[in-house]
Amino acid sequence: MVESVFVIMLLCLIFWGFLQAALLYNHERVLQFASFATARSATVGFLPELYLRSYRVAAIPASGTMLAPNQNWSGANQQMQQLGTETMLIPLYLRQDPTGNLNYTYWDQYNMRPTILPNVPSANMLEETHVQEHPLEMPMAGAYYRLNRGTNATVQMMGNIKTDMAWHYTFYLQ
């Protein structure tokens, strides 16, 4: 019986490790799309505040829990209620309308701020890079890291990823 408990605990730990790896892979794909959306917004001449907002909107699937607007959803279809709220508020948020207030757990906590720079070799290219940490969502991971390292358990996402794109809005503004 005791041996079975240890084997089951080990199997559960391996299962949660595979699940965490799959979640991190999914979040990295979402953040790569957000990187592309940011670069695309910058190439058409949007202001930095607007491409920051486009990055955050594209990164919503990897942004954690919705903090604002604070809703008291109830019932079995809470995710559908949140989707309805997001569908209504995202266009307002992108237009900087004060009624389109959105906020998610990881937006400010983990520095979700892209950086747009002109690409040095070519003046007609831009480069979007960002570094973001993402918390581990495995059971007991936070307790382990707090005991041993004194911080929350996070993984650096998008460490060496950059998006290069043609900087062509100047042609449209001539």
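Nothing in this text is a laboratory measurement; each read-out follows from the coordinates by a stated rule. From a predicted model like this one, the values you see are computed outputs, not experimental measurements. All Cβ positions, even for glycine, are placed from backbone atoms using ideal geometry, and neighbour counts span all protein chains on display.
For region 8-81, what relative contact order do you get, as a whole percent, if you take Cα pairs closer than 8 Å and at least 6 residues apart?
Value for region 8-81: 28 percent.
Amide H of VAL44 versus every other amide H placed in the peptide plane: which residues, excluding those fewer than 5 positions away on the same chain, fall under 5 Å?
Residues meeting the amide H criterion: none.
I need the shape label for region 9-98. Rule: rounded when a/c is under 1.5, else prolate if a/b > b/c, else oblate, with a, b, c from the alpha carbon gyration tensor.
oblate
Each residue of region 78-90 in order: what ³J(HN,Hα) in whole Hz does its phi give by Karplus 6.51 cos²θ - 1.76 cosθ + 1.60, θ = phi - 60°, with x for Gly and Pro?
Ordered by residue, 3J(HN,Hα) equals 4, 5, 5, 5, 5, 4, x, 5, 5, 4, 7, 8, 4 Hz.
How far is it, in nm, from the label point at LEU10 to the one at MET88 when both lie 7 Å from their Cα along the line to the Cβ?
5.3 nm
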